[in-house]
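Okay, so here's the structure we're looking at.
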Amino acid sequence: MKKPYNKVVSMEEAMGHFFDGMTIMFGGFGGVGSPPGLITSILEKGIKNITLIGNDTGFPDIGIGQLIKHKRVKKVIASHIGSNPIAGELMSSGQMEVEFSPQGILAERMRAGGVGLEGIITEIGADNEYLAEGKETITIGPKKCVIETALTAKVSILYAKKADEFGNLIYDKSARNTNPIVAMAGEWTIVEAEEIVPFGSICAEEIITPGVFVDMVVPSKGVNWTWAWEKQ
Amino acid sequence: MGMGKAMKSKMAKRAAEEIKDGMIVNLGIGIPSLTPDFLPSERFVMFQAENGILGMGSSPPLMQEDENLCNAGGFPVTLNQGGSYFDSATAFGMIRKGYIDMTILGSLEVSEKGDLANWIVPGKRVPGIGGATELAARAKKVVVVMTHTDKNGNSKLVKSCRLPLTSRRCVDMIITDLGVFQVVDEGLVLTDIFEPYTIADIKEKTDADFSLSEQIRYIPESFIEGV
């Protein structure tokens, strides 16, 4: 009998969704909660000219930062790149475009993309010449606000502690960070999960991301980099 | 930046004095992250981290780190009783809605109007705007902890910022390695001086104008003895 709603696939099958010039949204904060196996596979497949959307650019050898270090990225939309000096160098030398959004505004732009909205309105950054540049403004009561457009991506990649076969997800502590938002915002969402369990075997009260947002689940082999704090 | 441990400690300990019982506090990376080390153990405070933790605790003992329990700087932490985890959008919901009583953060420049510039040195260094814009705009109290001068000896307290701004008119207090300033409507007020520095020393190293508090506190060098 065919299993219902089974989204579990091999890494090879998941890689069929990646191509040059695409937009990828990724989960994670300083590499914590980024999907190690998917990032390694994107590197190995040689995908290039990527537009990346996510909180930050990790570290040169940790998380999404590896794609930047290997010059696979033409543009980044993020809030912070300080932990990856290579990103700063590529930006300053004009080899990679970087668009900054304040961290929580970025999260809301991704969330808007994930919940079918066209954008958000905020006072944050409206009086800042860099942040407001080129953005439409609107006045609400006494407040001058900017319109921040929603963000989506061809593919979203994220990391979960546990997934069932339908893609219902729970996360691990602070590795949750942007992952539930990224899960909703992709046109095609691929989850790398530490543990995969049968359909319906996660307690419904504990599910953070309902499986309807998820298209594929691949098993994780765990983190394959050394954390900055492990080197001390 | 080659800054001595004693200098970092006195700034962090002075910042810790601002943390009162019952506060929700967000700490930036660097010296601000050292302030919990200087809180009395009976102080009840919840630290919020913008990557999705409320009730963040101290660093774990060596070899007991959890790679999926880290602060916003990516370093392992623990969770205190009553703590919770949430996504980044919720973390910034708390921040923008005004639930953060105080944020303590670093900066590259602060103007005498309280403008904050801490995200880019064009052509040189690009930390990125991060969460500082929202924290600075919406936290009830914004405390900047930074060295008084940059590595070339230039004042980081300026009449008006030369670097691109992170947020306007948001800073309430500045703690440097020389002293402490409050930002009021009229400008900067020097309230504390770290000994052995003098008012004359501080005037010489400060581009911004400032007035003197009626009662300046001189903080002795013994402030961090035994730390």
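List of remarks:
- Summarising the label geometry, the points placed 7 Å from Cα in the beta-carbon direction at B:Ser222 and B:Asn80 lie 3.0 nm from one another.
- Average beta-carbon neighbours from other chains, 10 Å sphere, peptide B:87-99: 6
- Considering the range B:66-119, its Cα convex hull presents a mean projected area of 5.4 nm².
- Projected onto planes of every orientation and averaged, the convex hull of the alpha-carbon atoms in chain B covers 13.1 nm².
- Tally of Lys pairs whose C-alpha atoms are under 23 Å apart, taken over the range A:1-110, 8 or more apart or cross-chain: 9
- Projecting the Cα atoms of B:Leu62, B:Gly83, B:Asn51 onto the dipole axis of the range B:27-178, where Lys and Arg carry +1 and Asp and Glu carry -1 at the beta carbon, places B:Asn51 farthest toward the positive end.
- In summary, the lysines within cross-link reach of A:Lys135, defined as a Cα separation below 18 angstrom excluding same-chain residues under 8 places away, comprise A:Lys143, A:Lys144.
- Using θ = phi - 60° and Karplus 6.51 cos²θ - 1.76 cosθ + 1.60, couplings along the range B:41-54 (whole Hz; Gly, Pro as x): 5, 7, 5, 9, 8, 10, 8, 9, 10, 5, 7, x, 10, 10
- Relative contact order, percent, chain A [alpha-carbon distance under 8 Å, six or more residues apart]: 24 percent
- Length released on extending from A:Glu230 to A:Lys45, taking residue separation times 0.36 nm less the Cα-Cα span: 63.7 nm
- Of interest is the spacing of the C-alpha centroids, which for the range A:162-188 and the range A:87-160 amounts to 21 Å.
- Remark: for residue pairs B:Lys20/B:Lys141; B:Lys20/B:Lys205; B:Lys10/B:Lys156; B:Lys159/B:Lys205, the C-alpha separation exceeds 22 Å in B:Lys20/B:Lys205.
- Sorting A:150-162, A:127-139, A:74-86, B:120-132 by average packing, meaning the other beta carbons within 10 Å per residue, from highest down gives A:150-162, A:74-86, B:120-132, A:127-139.
- The HN-Hα couplings worked out from phi for the range B:19-32 by the Karplus form 6.51 cos²θ - 1.76 cosθ + 1.60 (θ = phi - 60°) are 7, 9, 4, x, 6, 9, 10, 10, 10, x, 7, x, 4, x Hz, whole numbers, x standing for Gly and Pro.
- Interface size A-B, as summed buried accessible area [1.4 Å probe, Å², nearest 100]: 3200 Å²
- Size-normalised alpha-carbon gyration radius of the range A:153-232, reference 2.2 N^0.38 Å: 1.11
- Here's how it looks for B:Ile219: its modeled amide H is under 5 Å from those of B:Ile193, B:Phe194, B:Glu195, which are all 5 or more places away or on a different chain.
- As an equivalent ellipsoid, the range B:1-124 spans semi-axes of 23, 19, 17 angstrom, where each value is the square root of five times an eigenvalue of the C-alpha gyration tensor, largest first.
- Its Cα centre serving as origin, the protein assembly as shown has a Cβ charge dipole (Lys and Arg +1, Asp and Glu -1) of approximately 620 debye.
- R0 of 22 Å, Cβ-Cβ distance A:Ile138-A:Leu117: FRET efficiency to nearest 0.05: 0.90
- Å² per residue, accessible surface of the protein assembly as shown at 1.4 Å: 44 Å²
- Whether the range B:120-193 is rounded, prolate or oblate, judged on the alpha carbon gyration tensor where a/c under 1.5 counts as rounded: oblate
- Carbon/sulfur fraction of accessible area - the range A:12-72, other protein chains in place, 1.4 Å, %: 48 percent
- Compactness ratio for the protein assembly as shown: Cα radius of gyration over 2.2 N^0.38 Å (N = residue count) comes to 1.01.
- Taking the charge dipole of the protein assembly as shown about its Cα centre, with +1 at Lys and Arg Cβ atoms and -1 at Asp and Glu Cβ atoms, the residue from B:Ile216, B:Asn71, A:Pro36 reaching farthest to the positive side is A:Pro36.
- Separation of alpha-carbon centers, the range A:1-72 and the range B:106-150, rounded to whole Å: 32 Å
- If you sort the three axes of the alpha carbon gyration tensor as a ≥ b ≥ c, you get a/c of 1.5 or more for chain A and a/b no higher than b/c, which makes it oblate.
- The range B:5-219: relative contact order in percent, alpha carbon pairs under 8 Å with at least 6 residues between: 17 percent
- Inter-chain Cβ neighbour count for A:9-20, averaged per residue, equals 0 (cutoff 10 Å, partner chain atoms only).
- Counts of other chain beta carbons within 10 angstrom of each beta carbon in peptide B:57-70 average 4.
- Mean residue ellipticity at 222 nm, helices only, chain B: -4000 deg cm²/dmol; runs of at least 4 DSSP H residues each add -39,500 (n - 2.57), and the sum is divided by the number of residues.
- Helix-only [θ]222 nm of chain A, DSSP H runs n ≥ 4, -39500 (n - 2.57) each, per residue, nearest 500: -5500 deg cm²/dmol
The values are calculated or read from the model by the stated rules, or taken from the named source; none is laboratory data. All figures in this text were calculated on a predicted structure; none of them were measured in a lab. Reconstructed Cβ throughout: ideal geometry from the backbone, glycine too, with neighbour counts over all protein chains shown. Side chains included, ligands, DNA and RNA excluded: accessible areas come from the protein's heavy atoms. Shrake-Rupley method; radii C 1.70, N 1.55, O 1.52, S 1.80 Å.
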